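Heads up, the thing below is written out as C-alpha cells.
The values are calculated or read from the model by the stated rules, or taken from the named source; none is laboratory data. Here the structure is a predicted model, which is why all the values come from computation and not from measurement. Heads up, the Cβs are rebuilt from the backbone with ideal geometry, glycines too, and the neighbour counts pull from every protein chain shown. For accessibility, only protein heavy atoms count, side chains too; no ligands or nucleic acids. Shrake-Rupley method; radii C 1.70, N 1.55, O 1.52, S 1.80 Å.
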Amino acid sequence: MGTEPVTMRWDPQLSGPRAGRRLYGALVSTQPQPDVDAARPAIRLRGLRKRFGTGPQAVDAVAGVDLDVRDGEFLTLLGPSGSGKTTVLRLIAGFELATAGTIELGGVDVTRRAPFERDVNTVFQDYALFPHMSVTDNVGYGLRVRKVGRAERASRTQEALDGVRLGHLGDRRPAQLSGGQRQRVALARALVNRPRVLLLDEPLGALDLKLREQMQVELKAIQRQVGITFVFVTHDQEEALTMSDRIAVFDGGRIEQLGSAADVYERPATPFVAGFVGTSNLLSGAAAEQVLGRSGTWSVRPEKIRLDLDDEPAAEAHDRSATGVVREVVYVGSATRFVVDLDAGASLVALQQNVQTSSSDVDAYRGRRVRLHWDPRHEVQVADPATAPTAH
Amino acid sequence: MLLSRRGRTILAAAMGLGLAFIYLPLLVVVVNSFNASQVFAWPPRSLTTRWWREVASNTGVREAVLTSVEVGLVATVTAVVLGTLLAFALARYTFFGRQSVSVLVVLPIALPGIVTALALRTAFQTFLGVELSIWTVAVSHATFCMVVVYNNVIARLRRTGTTAEEASADLGADGFTTFRLVTFPLLRGALLAGALLAFGLSFDEIVVTLSTAPPGVTTLPIWIFQNLSRPNQAPVVNVVAAVLVLLSVVPLYLSQRLAADTVTAGRL
C-alpha cells in the first residue's frame, strides 16, 4: 500500500504508447483512501437556492435543488445555458454563496466555507491557467500553497504531467500550448491535489470535435482509475450520455430528472427531458388517442421507428403503425432523418440507418406517403407539467 | 488593403512629411547643443562641447533635476497606490454611485491645467492652511498622475477577469496568497507602465507646478522656462533640452515592451 506504484490496466487503443498507462497508474497509486463511508454521499445538496440581483430584476438561477452525488461516481449536470447547472457547480466549489439551502461534502457542511477550505478542485471552462507561470508551476500550484515540500511537490507534479502526457512540456508557458494541451494541464493541476471531488465546467467546450471525442473517452478512463467523484457540467447531450454514470437534467434552476443515461434517454420523465436529451418525438391529445389508443403524452425515440413506403407489405401484427407524408429528409451520413406529418395530426421523426441507401435515394422520399411502425414497448409516457405528474 | 502604386507614393510622402515636422526641430535642438555660436547661427560654422561641460557644472540645473525627480517619485508612488486601489474597487465591486465615481476619477486629466492649478493653490492656501512646499507640488501632481495608473490597472483587471483568482482559491490559496502569487504578478506590467507614464506626466508638468510651488522650489521645466529668455543661458537650456530628448526614449521603449507583454498576457 502507500506510495508503491500500482500497475494499471489501460486500453492501448485509447491513446498513444505507454505514456498514458504510467500517468494514470501514478495518480491511482498515490490516491489516499480516506475514511469513505459507502452510505455517505460525496456531495449532498439540500434545498439549494441561488438568487442573483435584487428587486424586480432578481433571477433565481438555482431554484431549489436536492441532490446526492455518490462517492466515486461520474455525475453529469446537463441542461441548456441558463438552466442553473454551472451555478450549482460554482456553489459546490464555493465561488458563489448560496442564498438558501446546504452543501455537504463527505458529510461536512461547507455551505459557508471559502473555496480554499473545501476539498474540491475545478477544471474551468476557459482553463484559467496562470499565464505568468510555466506549466510545471501551474500544476504544482496547489501543492505549493498547501506547503507540500519541494521534493514531493516536484515528483507529484511530474507524475501528474506525465499522466496527461505533457511531461516534456513542463517549461512552456500556457500561451505556447494548444487548446487540447491547455485542457490537459488544467486537468493535471486539479488532480494533483487528490481532491475528494473534481468539478468540471464544460471543459471540452473549446475543443474541436475530434479532440473532444478523444478527451471524452480519456476523461472517463481517468475517472474510473483515480476513483475520484466527478461532477461534470455540459450542455451537450451526447457528451452526457457517453460519459456519465448518472445524469441530472436541469431546466429553469431545477432538476427535471436524475437517472442513468439509459433512464434519461429511454424513459424521459418530462417533455423537456424528452426534447433536450435526443429528439422530442411526442404524441399527445387527439394524436395519441388515435395512434396509440390511449391518452396522455408519449415519447418514441426516432431510431425505434421503422419507415416503409405505404404500398409495401404491412408491418407485423404486434407493431404500432401510423401513416403520413414525408415533409423533410435530412441526410446525416450514416443515417437519414425523416420528418413525417402523421394523418393523425402530430409529426414524428424517424431515423433510418443508411444500410443500402445513398443521399440521392433518400431524397426521393420527400412528399411520399409512408407508414411508420414501432414496438409499443418503446412508447414512454412523459409527465406533462400541465397535467398531474403521472410518469413512473 | 491593396493600394495603387501612386496611392502608396502619396501616403509615403505624407508620412515622411509628418515625421519630418515632428523630428527636424528636435534634431535642430540636438545639433544646436554643439553649436559654437552662442546665438545659434544656422548652419553651425563650428562645433563645440563647451555647453555640455557648462551644464555638467551648473548647480541650478542639477538642483532642478533633483527637485523634479523627487516630486516625480512622490507623485508616482501616491498615484500608484491610490490609482490601483480605485481600480480594484471599481472593477471588482458594485456599489451605489460606481459610474459617477469612475467619471470623477478620470476628470482631472480632462480639466484644463490652469483650472486645477488655481483650485489646488486656493485649497492649500486658504482653507487647508498648508504652506506651499515641494510636498504640495507632489500631491498636486498625484491628482492627475493617478488617472493614468487607474486607467492602466482597470484595463488589465477587466481583461484578466477573475477566473485566475478563482482557480487560485480553488487550489487552496487564501486571499493574501492569491494576491501575492496571482493577482499582483498579472498586474505588474500594467502597474509599471502606469508608473512610467505618471512619472513622465509629473516630470514635464509646468502650469500646476508654477502655482503650487513656493519661490525656492524649481523643477526642471520651470528652470528651463525661467532661463529660456536669458540670452547668455540659451546654449545651456538647449543642452538640457537635448538631454531630455535622449532620455525620454528610455521610458517610451520600456512602456512599449510592457504594453506588448500586456497583450500576450491578455490572450489567455
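Connecting C-alpha atoms closer than 10 Å in a GNM of chain B, tell me which of B:Asn32, B:Asn151, B:Asn232 has the biggest fluctuation.
Among B:Asn32, B:Asn151, B:Asn232, the largest GNM mean-square fluctuation belongs to B:Asn232.
Could you sort A:181-191, A:79-89 so that the peptide with the highest average Cβ count within 10 Å comes first and the rest follow in order? Don't skip to the end; give the middle numbers.
Working: A:181-191: 24.8, A:79-89: 21.9.
Output ranking for A:181-191, A:79-89: A:181-191, A:79-89.
Full-extension gain between A:Thr102 and A:Gln214, please, as 0.36 nm times their residue separation minus the C-alpha to C-alpha distance. It would help to have the intermediate numbers written out before the result.
On the way: separation 112, 0.36 × 112 = 40.32 nm, distance 3.61 nm.
The span from A:Thr102 to A:Gln214 would gain 36.7 nm if fully extended.
Peptide A:120-131: average number of partner chain Cβ atoms within 10 Å per residue? Don't jump to the answer; show the numbers that get you there.
Numbers: counts 1, 4, 6, 2, 5, 1, 5, 3, 11, 4, 10, 10.
Taking the mean over all residues of the peptide, I get 5.
Mind ranking A:Asp375, A:Asp66, A:Asp60 by accessible surface for me, highest first, 1.4 Å probe? Don't skip to the answer; put the middle values down first.
Details: A:Asp375 30, A:Asp66 95, A:Asp60 65 Å².
Descending order: A:Asp66, A:Asp60, A:Asp375.
With a 1.4 Å probe and every protein chain kept in, tell me what percent of the accessible surface of the protein assembly as shown is carbon plus sulfur.
Numbers: 19430 of 33300 Å².
Carbon and sulfur atoms account for 58 percent of the accessible area of the protein assembly as shown.
How would A:Leu348, B:Leu128 line up by accessible area, probe 1.4 Å, largest first?
Working: A:Leu348 0, B:Leu128 100 Å².
Of A:Leu348, B:Leu128, the descending order of accessible area is B:Leu128, A:Leu348.
Where Rh is the Kirkwood radius over the Cα pairs of the protein assembly as shown, the temperature 10 °C and the viscosity 1.306 mPa s, what D in µm²/s does Stokes-Einstein return? Could the numbers behind the result be given before it?
Details: Rh = 31.2 Å.
It diffuses with D of about 51 µm²/s by this estimate.
Please report the base-10 log of the normalised intensity I(q)/I(0) for chain B, using a Debye sum with one equal scatterer per alpha carbon and no solvent, at each q in 0.10, 0.11, 0.12, 0.14 (1/Å).
One equal scatterer on each Cα of chain B leads to -0.71, -0.82, -0.93, -1.09.
How large are Rg and Dmax for chain A when only the alpha carbon atoms are used, in Å?
My reading of the Cα-based Rg and Dmax gives 24.5, 78 Å.
Count, for each residue of B:182-191, the Cβ atoms from other chains sitting within 10 Å of its Cβ, then give me the mean as a whole number.
Working: counts 7, 0, 1, 4, 3, 0, 1, 1, 0, 0.
Averaged over the peptide's residues, the number is 2.
Sum -39500 (n - 2.57) across every DSSP H segment of at least 4 residues in chain A, then divide by the residue count to get the 222 nm mean residue ellipticity, nearest 500.
Value at 222 nm, helices only: -8000 deg cm²/dmol.
With a 1.4 Å probe on protein heavy atoms only, work out how much accessible surface A and B bury together, total over both chains, in Å² to the nearest 100. Write out the running numbers ahead of the final one.
Values: alone 18780 and 16390 Å², together 33300 Å².
The buried area between A and B, both sides summed, comes to about 1900 Å².
Which whole-Hz couplings ³J(HN,Hα) result when phi for each residue of segment A:334-339 is put into the Karplus expression 6.51 cos²θ - 1.76 cosθ + 1.60, θ = phi - 60°, listed in order with x for Gly and Pro?
Going residue by residue, I get 6, 9, 10, 9, 10, 9 Hz, with x marking Gly and Pro.
For the protein assembly as shown, what is the percent of antiparallel DSSP beta bridges, rounded to the nearest 5? Write out the running numbers ahead of the final one.
Details: 50 of 68 bridges.
Bridges in the protein assembly as shown are about 75 percent antiparallel.
If you take each beta carbon of peptide A:182-191 and count the beta carbons of other chains within 10 angstrom, what is the mean?
1
Quick one: net charge around A:Asp109, please, counting Lys, Arg +1 and Asp, Glu -1 for every other residue with C-beta under 14 Å from its C-beta. Write down the numbers at each step before the final one.
Numbers: positive: A:Arg40, A:Arg44, A:Arg46, A:Arg112, A:Arg113, A:Arg118; negative: A:Glu104, A:Glu117, A:Asp119.
Here the count lands on +3.
For segment B:75-173, take the convex hull of the Cα atoms, compute a quarter of its surface area, and give me that in nm², please. Let's see the in-between values first.
Working: hull surface 32.5 nm².
Taking the Cα atoms of segment B:75-173, their convex hull projects to 8.1 nm² on average.
Can you pull the Rg over Rh of segment A:281-382, Cα-only, Kirkwood?
Using only Cα positions, Rg/Rh for segment A:281-382 is 0.96.
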